[in-house]
Every structure is written in structure tokens, then in C-alpha cells.
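Student: My questions will all concern the structure given below.
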Amino acid sequence: MAAAKKTAAPAQAARKPPKEESRTALVRRARRINRELAEVYPYAHPELDFENPFQLLVATVLSAQTTDLRVNQTTPALFAKYPAPEDLAAANPDEVEEILRPCGFFRAKTRSVMGLSKALVEEFGGEVPGRLEDLVKLPGVGRKTAFVVLGNAFGRPGITVDTHFQRLVRRWQWTEATDPDKIEAAIGALFPKSEWTMLSHHVIFHGRRICHARKPACGACPIAPLCPAFGEGETDPEKAKKLLKYEKGGFPGQRLKPPQAYLDAGGKPAPPLGAG
């Protein structure tokens, strides 16, 4: 399925919300931004390859301080050799480290994934628990990782407050909080709980592709009229278009093993936003 193409509004259309934006106006603006992003990224989903909750849990832990694409290039060998928590818990750490070396911080990540595997075996019968309070007790698992697993492996709504999410919700003036837990609470109050997981995907997709940390592509942004930070980045549409970032080796919104739903009629990955 091809992504819906949307073009940025002219620079003069961008506006700043009033200094004293009412709570009602904030909720309306936030929800409109999410609706707009849903049209831009109809295929939004976790960009990590996984086939079960255990694989998603491990992949999410490994994704810290590296790209999802790099993790997707690494985990096939890991899961082929250690398909279950029991296998990884009993593994030779040196062998695991060698597999995880491309992910960076491989020694610490080896300790985390082996530690959480042992905990799953000893405390949960080798099954990934479906409760937040249980997940966050596992080595290397915080609320962000737990919500990724809950939302995408168990269908239980959660907000994933990663670096992209934090940056964008502050740029959009949805909250001034800097603590992840406070951000989670503030944003959760703006949206129905049923929307939390997809909201997270929409925001993270946008942060990776258009609303970058150092130089956002404002002139290529489809929600420019709703953004109080418009102008922090390049506003010229043609120049901004050149700033769009997509991970090498795959289209945005595409995993290395994309489900059938993300393929076009010809069986090929749907083209990225703004392609062609």
C-alpha cells in the first residue's frame, strides 16, 4: 500500500498557537496533528522485525543507541541460534557478544538480553509477561521498552516515549515536561487510550523522517500550519525535501521482512513518502 502523499503548506500558512492556548484548543490541535500524520504514515508500525513477544522484547532492548535497521540485520542470526528464552539464558556470553557486536554496546546488551531471558525462565515460565509491572522488572527493560511490547505484541495501548517522541511533543507544545514519565502522562491525557500505540508510531515515524533534531525539514512538513516551531529548520520546500531521511537499505515504514499488508500490488515494498 502506497503512503498518502501530502505536501507542506506554504510558509505563510504556518502559525504559532496563541501564548495562552486553552486546554480545549490544545487537545483539538494535538488530535488534528495525529490525524494528519495518520494520513501521511498509514503503514506506521514498529520497525523492528519480530515473530513473537520474546523476539520483540529482545530486539527493542538491542535497539538502544542504534538503528532499527541494524538490529534487523543482527537478530536473524541471534534468533536462529537462540530461538527461545531458555536457549539465550543458557548461551555462552562470548558467542552472544560476537553476534551482537554490530549493534554497539554489545557487552552491556549481551548482559541485558541474557539477563532478561534468565528472568523469563525463572519467574515467568519462559513466557513474556503481558503486564507493565512485570515487564519493567526484567533486566534492561524500562517503561519505553515495555510499552513497545505491550502495544505491539499484546495489543495493549501504551505511549512509547523515545527521543523522537520527546523532541516532537515539546516542539508542538503539547507539554513542557522533560521527564519521560511526566511526558507519558501529559500526552496520554490528550488522547483516548485506544490511540496511544498508533500515536507513538506516527510521532516516531515523523521524527525519524522529517522533524529531525538538528535541522527539521519544515518546508516539506505536512503539518506545518499546526506547528508552533515552524521555521526552526529549512522552510524552502525544495531545500527541505533534500533533508528527508530514510534508513539505507529499505524504504521508510518497511522492515527487512515486511508483512504482506505493507507490500504493493506487485509484491514490492510500497514507496516512501515523497518518492517518485
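The values are calculated or read from the model by the stated rules, or taken from the named source; none is laboratory data. On a predicted model such as this, the values are computed, not experimentally measured, just so you know. Methodologically, a virtual Cβ is constructed for each residue, glycine included, from the backbone with ideal geometry; neighbour enumeration extends over all protein chains shown.
Student: So which residues in the range 23-67 are at pLDDT 95 or above and small (G, A, S)?
Tutor: A25, A30, A59
Student: So, in the range 198-226, how many residues would count as being hydrophobic (A, V, I, L, M, F, W, C), buried (at least 21 other Cβ atoms within 10 Å of the Cβ) and not in a helix (DSSP H, G or I)?
Tutor: Residues flagged as hydrophobic (A, V, I, L, M, F, W, C), buried (at least 21 other Cβ atoms within 10 Å of the Cβ) and not in a helix (DSSP H, G or I) within the range 198-226 amount to 5.
Student: From E176, E195, E184, which residue is surrounded by fewer than 20 Cβ atoms within 10 Å (Cβ to Cβ) and in a helix (DSSP H, G or I)? Outline the logic, then answer.
Tutor: Details: E176 fails: in a helix (DSSP H, G or I); E184 fails: surrounded by fewer than 20 Cβ atoms within 10 Å (Cβ to Cβ).
Every option except E195 fails the conditions.
Student: Before we move on, is D162 within 25 Å of R70 (Cβ to Cβ) and of a type in the set (D, E)? So that I can check it myself, show each step before the final result.
Tutor: On the way: within 25 Å of R70 (Cβ to Cβ): yes; of a type in the set (D, E): yes.
Judged against the criteria, D162 is a match.
Student: Just checking, does the range 46-61 include any residue being of a type in the set (S, T, Y) and in a helix (DSSP H, G or I)?
Tutor: Scanning the range 46-61, I find at least one residue that is of a type in the set (S, T, Y) and in a helix (DSSP H, G or I), so the answer is yes.
Student: Next question, about the same structure. Of everything in the range 51-68 that's in contact (Cβ under 8 Å) with a residue 60 or more places away in the chain and among the hydroxyl-bearing types (S, T, Y), which residue is farthest from M114 (Cα to Cα)?
Tutor: Among them, the one singled out is T67.
Student: Do we find that Y262 is hydroxyl-bearing (S, T, Y), at pLDDT below 90 and over 16 Å from the mean Cα position of the chain (by Cα) in this structure?
Tutor: Numbers: hydroxyl-bearing (S, T, Y): yes; at pLDDT below 90: yes; over 16 Å from the mean Cα position of the chain (by Cα): yes.
Judged against the criteria, Y262 is a match.
Student: A further question on this structure: Sort out which residues of the range 123-162 are among the aliphatic types (A, V, I, L, M) and either in a loop (DSSP other than H, G, I, E, B) or touching a Ser or Thr at 6+ places or on another chain (Cβ under 6 Å) (or both), and write them in order of number. Write out each step before concluding.
Tutor: Step one: of the range 123-162, the residues among the aliphatic types (A, V, I, L, M) are 128, 132, 135-136, 138, 141, 146, 148-150, 153, 159, 161.
Hits for the range 123-162 are V128, V136, L138, V141, V148, I159, V161.
Student: Any residue at all in the range 76-87 that is in contact with a Pro (Cβ under 9 Å, 6 or more places away or on another chain) and surrounded by 15 or more Cβ atoms within 10 Å (Cβ to Cβ)?
Tutor: no
Student: Residues A185, A177, A240, A146: which one is among the aliphatic types (A, V, I, L, M), modelled with pLDDT under 95 and farther than 17 Å from N34 by Cβ? Before you say what the answer is, go through the steps one by one.
Tutor: Details: A185 fails: modelled with pLDDT under 95; A177 fails: modelled with pLDDT under 95; A146 fails: modelled with pLDDT under 95.
Just one listed residue meets the conditions, A240.
Student: Please identify the pairs in which a residue from the range 138-159 that is touching a residue at least 60 places away in the same chain (Cβ under 8 Å) has its Cβ atom under 7 Å from the Cβ atom of a residue that is surrounded by fewer than 22 Cβ atoms within 10 Å (Cβ to Cβ) and of a type in the set (S, T, Y), counting only partners at least 6 apart or on another chain.
Tutor: G140/S112
Student: Here is a list: R35, R111. Which entry is basic (K, R), without any contact (Cβ under 8 Å) to a residue 40 or more places away in the chain and under 30 Å from E195 (Cβ atoms)? Walk me through how you get there before you give the answer.
Tutor: Numbers: R111 fails: under 30 Å from E195 (Cβ atoms).
Being basic (K, R), without any contact (Cβ under 8 Å) to a residue 40 or more places away in the chain and under 30 Å from E195 (Cβ atoms) holds for just one of R35, R111, which is R35.
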